[in-house]
1. Can you work out which of the residues in the range 628-673 that are of a type in the set (Val, Ile, Thr) and part of a loop (DSSP other than H, G, I, E, B) is modelled with the lowest pLDDT?
2. Mind listing just one residue for me: the one in the range 314-349 that is charged (D, E, K, R) and touching a strand residue (DSSP E or B) at 6+ places or on another chain (Cβ under 8 Å) and, of those, modelled with the lowest pLDDT?
3. Given the condition more than 21 Å from ARG477 (Cα to Cα) and surrounded by fewer than 20 Cβ atoms within 10 Å (Cβ to Cβ), answer yes or no: does some residue in the range 402-414 qualify?
4. Restricting to the range 537-567, give me the number of residues that are open to solvent by 40 Å² or more (accessible area, probe 1.4 Å), more than 20 Å from LYS520 (Cβ to Cβ) and either of a type in the set (Gly, Ala, Ser) or part of a helix (DSSP H, G or I) (or both).
5. May I ask you to verify whether SER107 is in contact with a strand residue (DSSP E or B) (Cβ under 9 Å, 6 or more places away or on another chain) and surrounded by fewer than 18 Cβ atoms within 10 Å (Cβ to Cβ)?
6. Take VAL132 and decide whether it is under 30 Å from the mean Cα position of the chain (by Cα), surrounded by 17 or more Cβ atoms within 10 Å (Cβ to Cβ) and part of a loop (DSSP other than H, G, I, E, B).
7. Tell me whether the range 277-284 contains one or more residues that are assigned to a helix (DSSP H, G or I), of a type in the set (Val, Ile, Thr) and farther than 20 Å from LEU368 by Cα.
8. Please find, among ILE499, ILE564, ILE540, the residue that is among the β-branched types (Val, Ile, Thr), closer than 21 Å to GLY587 by Cβ and touching a strand residue (DSSP E or B) at 6+ places or on another chain (Cβ under 8 Å).
Amino acid sequence: MASPTPTPAHHAKRRRLTLSPPPHLHDLADELLFLILDRLAAADPRALKSFSLVSRACHAAEARHRRILRPFRAELVPSALARYPVVSRLNLSLCPRVPDAALAALSVAPSISAVDLSRSRGFGAAGLAALVASCPNLTDLDLSNGLDLGDAAAAEVAKARRLQRLSLSRCKRITDMGLGCIAVGCPDLRDLSLKWCIGVTHLGLDLLALKCNKLNILDLSYTMIVKKCFPAIMKLQSLQVLLLVGCNGIDDDALTSLDQECSKSLQVLDMSNSYNVTHVGVLSVVKAMPNLLELNLSYCSPVTPSMSSSFEMINKLQTLKLDGCRFMDDGLKSIGKSCVSLRELSLSKCSGVTDTDLSFVLLRLKDLLKLDVTCCRKITDVSLAAITTSCPSLISLRMESCSLISSKGLQLIGKRCTHLEELDLTDTDLDDEGLKALSGCSKLSSLKIGICLRITDEGLRHVSKSCPDLRDIDLYRSGAISDEGVTHIAQGCPMLESINLSYCTKITDCSLRSLSKCIKLNTLEIRGCPMVSSAGLSEIATGCRLLSKLDIKKCFEINDLGMIFLSQFSHNLRQINLSYCSVTDIGLISLSSICGLQNITIVHLAGVTPNGLIAALMVCGLRKVKLHEAFKSMVPSHMLKVVEARGCLFQWINKPYQVALEPCDVWKQQSQDLLEQ
């Protein structure tokens, strides 16, 4: 039967069903396109590069999207800025040497507002002058570790009128003259670090307080400040964070000069390692700073009841750190009476912490979120029962080396503290039942259970099922762990970023093959695992492209083949320890092709010759190299000077060759004997 002749109505209907062509990429608004690229980068940073290679439109879109640039070599800066013209943050910390000419090249990118030179050398006042002239919108500058920078460089920095954040940490040659220039030239400063600037005195701080009245954060750690400096500091009406770590020029007399009327804005004070401060000075602090939210007095004077009672004057205190302090009778109990608003309490390595005192404190700190009792060796299950009963909302608990707590007591943690995100039970009596109890801690992201000799693969199976968001796990010297347990973790924790399997001598290439599926893994420590080989390392290199830190010391079966795979696929590698491996000149030279490699340790590599070492060093832009002292006389001194001139620091190690690996239980017993002595 013949089909009916189509009518005009049929044609009209067919035309109405015709689909319009899909929109082109350039039809999308940049705001929408950038949201897509942000999602891509969050899932996999390598995806942006793949996206840019799809087409010219994608290439241009990715260039418009990028705001942060982090080149490996200074000579690449001009071409990189031409490729990414709207970059706002330039991080040169991976470039060991940045000459003045490289900073002058920034004139092609006036949009830059932040520059990081924190680990770079080779530039001086002339380069900084060119940098400031090229970047009129500069608001953030990091010059940390600029050991050669002096007052002339500071004077050029002072021309950056819009500067709001400046770090001069370890710029030891800067004096009051340079600081005065910065104070006059940069009145909008909000954040200033003068850590280790030992040439700064009260004269420079006086001018800083006079000109930079918007300053919020000031770091004077390890400087030579004394009593004369405090009047100037207290004039900073907007100051919220003051860091005075290791300032041994501060004593009780200096602190009694504090002006109560000029320090009400201060919220964070860190005076840790200030040995000359006693309870008298602390009393002056709390009287003068009633609005403190965080106070750090770690490694200072003994904590007496009078000192603890004085904390009652700062009723808003949320964080108190007393690490390394010695508690006198009832000193800890007084904290429970005085600091009822605490959210974080750190008592790491404190002496004098007992079950009675700790239980008394925790009974009153119902809202505590973070607790650190690392190496408090006198506490028992009594304290742990108080912790888990009184503080069920804890998100961080650190109990390393609390050796008197039983495995049964540790089970209370998982049963009662279900909100935990960070848990450190290193060197405790934890067993598989304790790990099974952690099934309620589904939010756990960091778990440190190294030197726990009773945990097995079965315990890790429970962890893998209950902690899918785990990002960091430490199994250092947990000798009963094998491939089966590591496989459980790799399969159940796909977000894993860091794992320490050092001296877990049962693991083989099978573990590395499982971990290679964790594409976000960036830190892998397998020191002292003699059964892993280059075959397993090649799986890691191809699967974990974000790998940045690798420790394979005493992995005797890893050879040049593993290094070749790393050079081909691990372009994000920054730090590696190759000591005692079977790597030769070939592997070392292959490794040197990784542009971003910063630190390398190559002690006791029998297959490496002086010629191979020099060839690798000349190619790679390393920043720090640890070598056996024997190489010092074998390598021509002028060659070493050339490498040092490029920004590389050599650390010479004189250690005897030692291959034998001690069993984990023997090592632990030796460590305990040493501590008891």
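The values are calculated or read from the model by the stated rules, or taken from the named source; none is laboratory data. Since we're looking at a predicted model, the values are computed, not measured. All Cβ positions, glycine included, derive from the backbone under ideal geometry; neighbour counts span all protein chains shown. All accessible areas refer to the heavy atoms of the entire protein, side chains included, with ligands and DNA or RNA removed. Shrake-Rupley method; radii C 1.70, N 1.55, O 1.52, S 1.80 Å.
1. VAL659
2. ARG326
3. Taking every residue of the range 402-414 in turn, at least one turns out to be more than 21 Å from ARG477 (Cα to Cα) and surrounded by fewer than 20 Cβ atoms within 10 Å (Cβ to Cβ).
4. Here the count works out to 2.
5. No.
6. So VAL132 does not fit the description; no.
7. Yes - at least one qualifying residue is present in the range 277-284.
8. ILE540
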